[in-house]
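Since every read-out is calculated from the coordinates, none of them should be taken as a lab result. These figures come from a predicted structure and were not determined experimentally. Don't worry about glycine lacking a Cβ; one is built from the backbone with ideal geometry, like all the others, and counts go over all protein chains shown.
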Amino acid sequence: MMSLELLAEPLPGLKIIRAPRHTDARGFFQETFHEDAYRQLGIEPSFVQDNWSRSTRGTVRGLHYQLRKPQAKLIQVVSGEVFDVAVDIRRGSPTYGTSHMIQLSGAEAVQVYIPEGYAHGFCVVSEQADLMYKCTDFYHADDNYGIHWDDPDLSIEWPPVIDQPTLSDKDLTHPKLRDVDPACLPVFETS
């Protein structure tokens, strides 16, 4: 079984993980998921869908979340480099509105586990980047929500590469967190 290294848990449930990468003259081998190893870190959801996103420099995707069919995500950049952001948007959470930012690179074996109730987004800082992620629920087009990527209340320090960001029309129209109807936000649940 692979042995994972938990690098940090900067917000409740949000985990920064290093997966072992075995390198030699031929290249490298890395297991990107092993259910038992992730369970030992307290990551127990069942992943049902894998996604692959390729974007060019200056592209911003997000900040996205799902409400009725929430998704936890396990994210890894496999080529290029991205500035990745997760925001706790769970009503009633002690860390509500708090953002965590991390630089992810295909040159490293670092993954981010984002639990349900967080909004997620990223910006590509290399010429191109490929991001792969596992989700705990299927994509539902009618359950897509978002927070405006540059909401000043979130204190996200986006990299300078996005002076002229490339965004989808939908991402341009997302509201600031303070303007979201509370009924359209996930609820913090204590265990």
In nm, give the distance between the simple-model label positions of GLU108 and ASP24, each being 7 Å from the Cα along the Cα-to-Cβ direction.
2.7
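Going by how many other beta carbons lie within 10 Å of each one, how would you line up PHE33, PHE28, fewest first?
Working: PHE33 15, PHE28 9.
Neighbour counts put them in this order, fewest first: PHE28, PHE33.
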Report the semi-axes of the equivalent ellipsoid for the stretch 62-137 in whole Å, largest first, where each axis is √(5λ) for an eigenvalue λ of the Cα gyration tensor.
23, 13, 10
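So how much slack lies between GLN164 and ARG68, counting 0.36 nm per residue of separation and subtracting their Cα-Cα distance, in nm? Don't skip to the end; give the middle numbers.
Numbers: separation 96, 0.36 × 96 = 34.56 nm, distance 3.31 nm.
Length gained, GLN164 through ARG68: 31.2 nm.
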Check which residues have an amide H placed less than 5 Å from VAL78's amide H, if you skip close sequence neighbours.
ASP130, LEU131, MET132
Specify which residue in the list ILE114, HIS100, SER155 is farthest towards the positive end of the charge dipole of the stretch 47-160, using unit charges on the beta carbon of Lys, Arg (+1) and Asp, Glu (-1), about the Cα centre.
ILE114
log₁₀ of I(q)/I(0) at q = 0.10, 0.16, 0.22 Å⁻¹ - the stretch 80-186, Debye sum with one point per alpha carbon:
-0.30, -0.80, -1.48
Semi-axes of the equivalent ellipsoid for the stretch 5-184, Cα gyration tensor, largest first, Å:
26, 20, 15
Sorted from fewest to most neighbouring beta carbons within 10 Å, what does the list MET101, MET2 look like?
MET2, MET101
Amide H to amide H, which residues 5 or more places from ARG90 or on other chains are under 5 Å from it, using H placed in the peptide plane?
GLY97
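Please state, as a whole number in µm²/s, the translational diffusion coefficient that the Stokes-Einstein equation yields for the stretch 110-164 at 25 °C and 0.890 mPa s, with Rh defined as the Kirkwood radius across alpha carbon pairs. Could you put the intermediate results ahead of the total?
On the way: Rh = 14.0 Å.
Translational D for this selection: 175 µm²/s.
Could you sort the peptides 176-185, 12-21 by per-residue average Cβ neighbour count (10 Å cutoff), highest mean leading?
On the way: 176-185: 12.8, 12-21: 17.4.
Sorting 176-185, 12-21 by mean packing, highest first, produces 12-21, 176-185.
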Just going by the charge dipole of the stretch 5-184, with Lys and Arg at +1 and Asp and Glu at -1 on Cβ, which of PHE29, ILE43, VAL87 is farthest out on the positive end?
ILE43
State the extension gain, in nm to one decimal, for the chain segment bounded by SER46 and ASP179, taking 0.36 nm per residue of separation less the distance between their alpha-carbons.
44.6 nm
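Dividing the alpha-carbon Rg of the stretch 19-63 by 2.2 N^0.38 Å yields what? List each step's numbers first, then the result.
Details: Rg = 15.2 Å, N = 45, 2.2 N^0.38 = 9.3 Å.
Compactness ratio reported: 1.63.
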Computed magnitude of the charge dipole of the stretch 5-184 (debye, nearest 20; Cβ of K, R +1, Cβ of D, E -1):
160
Scan of the chain for GluC sites (Glu not before Pro) in DSSP loops with at most 15 other beta-carbon atoms within 10 Å gives a longest site-free stretch of 32-107
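Student exercise: in the chain, how many lysine pairs 8 or more apart or on different chains have Cα atoms under 17 Å apart?
Values: LYS15/LYS73; LYS15/LYS134; LYS69/LYS134; LYS73/LYS134.
Close lysine pairs under the 17 Å cut-off: 4.
Out of every Cα pair in the stretch 1-96, what percent are spaced more than 15 Å from each other?
On the way: 3260 of 4560 pairs.
Percent of Cα pairs beyond 15 Å in the stretch 1-96: 71.
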